[in-house]
1. Quick one: count up the residues across region A:253-283 that are of a type in the set (G, A, S) and crowded, with 21+ Cβ neighbours inside 10 Å.
2. Only one of A:V139, A:V183 is at pLDDT 90 or above and surrounded by 13 or more Cβ atoms within 10 Å (Cβ to Cβ). Can you tell me which?
3. Can you find a residue that is within 13 Å of B:G218 (Cβ to Cβ), more than 9 Å from ligand 1 (Cβ to nearest atom) and surrounded by fewer than 13 Cβ atoms within 10 Å (Cβ to Cβ) anywhere in region B:3-12?
4. Are any residues in region B:40-61 more than 10 Å from ligand 2 (Cβ to nearest atom), more than 22 Å from B:G192 (Cα to Cα) and within 14 Å of chain A (Cβ to nearest Cβ), and if so, which ones?
5. Return only the number of the condition from (1) more than 9 Å from every other protein chain (Cβ to nearest Cβ); (2) modelled with pLDDT under 50 that A:W25 does not satisfy.
6. Suppose we filter region A:233-249 for residues that are buried (at least 19 other Cβ atoms within 10 Å of the Cβ) and at pLDDT 90 or above; how many remain?
7. Can you name every residue in region B:130-175 that is of a type in the set (V, I, T), more than 8 Å from chain A (Cβ to nearest Cβ) and free of Cβ contacts under 8 Å to residues at least 60 places away in the same chain?
8. Taking region B:134-164 as the search range and keeping residues that are more than 15 Å from B:Q90 (Cα to Cα) and either within 16 Å of ligand 1 (Cβ to nearest atom) or acidic (D, E) (or both), which one is surrounded by the most Cβ atoms within 10 Å (Cβ to Cβ)?
Amino acid sequence: MTEPGTGAASPLAGGAPEQRRPAAWGRWLAHFLVAPSGVLLFLAVWTILAIELPPSRLVSPYAVAVDLWNNFLRSPRLEVFGLGRTGYGALLLYTTRNVLVGLVVGSAVGIVVGIASARLRPLRLIVDPIVLVLGTVPVLVAAPLFLLWFGVVPFTQVLLVGGYSAVMMVIFAQRAAANVDPVYEKSAMARGASWRDRLFLVLIPGTLPEILGGLRITLASAWGLETFAEILGAPSGIGQAIKTLTNVNNVAGMLACVSLVALTAIIMDMLLVALARWVTRWA
Amino acid sequence: MLMVETQSAVSIDRLSVVFERDDGTRVQALRDVSLDIGEGEFVCVLGRSGHGKTTLLNVVAGLIPSYSGDVRVLGKPVKAPGVDRGVIFQKDAVFPWMRVEDNVAFGLRVSGMPKPERLRVAREHLDLVGLRNVPRAWPRELSGGMRARVAVAGVFASDPPILLADEPFGALDYVTRRQLQDVLLSLWERTGKTIMFVTHDVDEALRLATRVIVVSNGSVVEDQAVDLPMPRSDDALATPRGLELRHLLLHHIGLE
Ligand SMILES: Nc1ncnc2c1ncn2[C@@H]1O[C@H](COP(=O)(O)OP(=O)(O)OP(=O)(O)O)[C@@H](O)[C@H]1O
Ligand SMILES: [Mg+2]
């Protein structure tokens with residue numbers, strides 16, 4: 001396919017004639033066939049263990065599924081323990097909302113501060129010690145303190161998740177910005193880019209692959225943190241259910257709640273991966 | 001006394017640059033460089049590795065603010081980068097996260113040109129460098145030579161009067177390099193821009209330049225007009241005058 005006008009340059013310019021790649025869905029199909037085998041293996045081991053162990057220690061996945069089904073919309077058992085008219089679903093919604101609000105707000109702050117402090121030395125001198133202290137002191141130690149300060153309200157858990165996400169993302173964003181080759185910013189500057197152009201057209205897209213990788217790790221930790229904060233004390237949430245059901249030795253209910261959190265976390269992680277794949281399709 | 005004076009595009013007066021390394025040692029990268037480049041000249045800056053070519057170019061580009069001496073571009077002192085100077089960097093600086101046409105249109109975008117118009121200009125320039133087939137490709141899908149073409153298209157699309165190029169074809173194979181030299185020469189002839197082109201390759205300098213500056217240890221040691229007719233075929237460079245210039249330049253960069 002030689003076009004007139006490209007002259008001697010055309011063999012280099014066009015490369016080989018364009019061919020459609022074998023469709024990407026082929027790889028996806030393989031992915032979908034392989035991935036469930038791990039899940040099946042996990043369930044098999046679980047079932048065998050459940051047969052060996054007494055029901056007060058472990059119950060089968062089937063028993064867990066039944067418990068989940070019966071308690072998802074309304075769980076009279078939880079009402080007895082003072083969680084009000086509720087079911088696993090409503091509690092999960094509370095937990096998910098806290099995770100998302102904390103993650104989104106905290107990460108947004110963290111990413112902006114991280115990128116900015118990577119380029120502005122004075123800001124870095126202020127940010128680094130703060131991140132050092134907050135990042136080194138285990139967050140879980142701060143959880144009871146937050147509970148004392150703000151009481152048993154949703155804000156306490158959101159603050160914990162948000163604060164943690166912010167600190168993590170400052171670290172990820174700083175490192176991502178340090179890894180963007182300075183030649184891109186120089187080139188942008190030489191072509192007349194304002195600081196805003198440099199931020200939005202160079203620094204943010206250039207750091208995005210690493211930042212999204214960091215966000216995945218932060219999201220995974222946020223679930224654990226939120227659930228733990230709820231166990232410690234919260235007005236609602238799946239963590240409260242786990243705590244209550246564990247106290248009364250309800251293994252099936254407890255495992256149902258844990259599975260519910262795990263499943264939601266996995267789905268959100270997959271969504272994030274899909275988003276990251278699309279956003280960084282250039283890489 | 002009446003003098004008809006053409007304005008100089010770049011004028012450098014007693015320029016010195018000292019770098020301080022992180023370990024505290026100091027390097028004098030440029031020493032008392034004075035130079036005047038007229039509008040429309042194609043000047044090659046020739047010199048061996050580490051002798052200050054990039055530093056000289058970066059000062060003119062406005063990327064090294066802490067120099068001593070006087071550096072002016074189109075009469076104005078250089079303090080920062082500006083749209084009157086386009087730069088092609090020694091390193092590949094094509095943004096991997098933008099499609100080819102968006103890379104070429106970047107300068108136009110930040111200057112506020114509306115999208116349809118800047119994409120039209122970008123495609124025109126992709127055509128000029130022989131890349132009309134790949135406007136929507138990602139840079140990772142291109143070869144090194146194709147990315148070098150994208151960089152060339154990008155600066156010409158922004159249409160700065162002065163072009164600063166730092167060994168833009170340094171990493172390319174011989175044939176590709178020759179092709180891109182021809183592309184650059186035809187763009188230069190068509191637009192009449194002032195070009196400052198850094199290279200360590202004597203033959204490249206002789207093929208392109210109307211004038212060659214040799215930099216050695218941070219000083220200008222030779223300033224030679226290349227009075228060979230364009231376009232310069234291999235035969236034209238093998239004439240007695242061509243060979244004489246070649247020997248002179250090789251001598252100054254430390255050979256023969
Ligand atoms: N940012 C910097 N900090 C410290 N020293 C530097 C810096 N940039 C350049 N130098 C030093 O200045 C001298 C000239 O470097 P320059 O990059 O201008 O060389 P060059 O002629 O472009 O070499 P090359 O052909 O290898 O690109 C070298 O000794 C180099 O070590
Ligand atoms: Mg150099």
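1. The qualifying residues number 2.
2. Values: A:V139 fails: at pLDDT 90 or above.
None of the other options fit; the residue is A:V183.
3. Among the residues of region B:3-12, not one is within 13 Å of B:G218 (Cβ to Cβ), more than 9 Å from ligand 1 (Cβ to nearest atom) and surrounded by fewer than 13 Cβ atoms within 10 Å (Cβ to Cβ), which makes the answer no.
4. Just the residues of region B:40-61 that are more than 10 Å from ligand 2 (Cβ to nearest atom), to begin with: B:40-44, B:46, B:48, B:59-61.
Narrowing the set further to residues that are more than 22 Å from B:G192 (Cα to Cα) leaves B:48, B:59.
Correct list: B:V59 only.
5. Result: A:W25 passes all but (2).
6. 10
7. Selection gives B:V150, B:V175.
8. The qualifying residue surrounded by the most Cβ atoms within 10 Å (Cβ to Cβ) is B:D159.
The values are calculated or read from the model by the stated rules, or taken from the named source; none is laboratory data. A quick note: this is a predicted structure, and the numbers were derived from the prediction, not measured. Methodologically, a virtual Cβ is constructed for each residue, glycine included, from the backbone with ideal geometry; neighbour enumeration extends over all protein chains shown.
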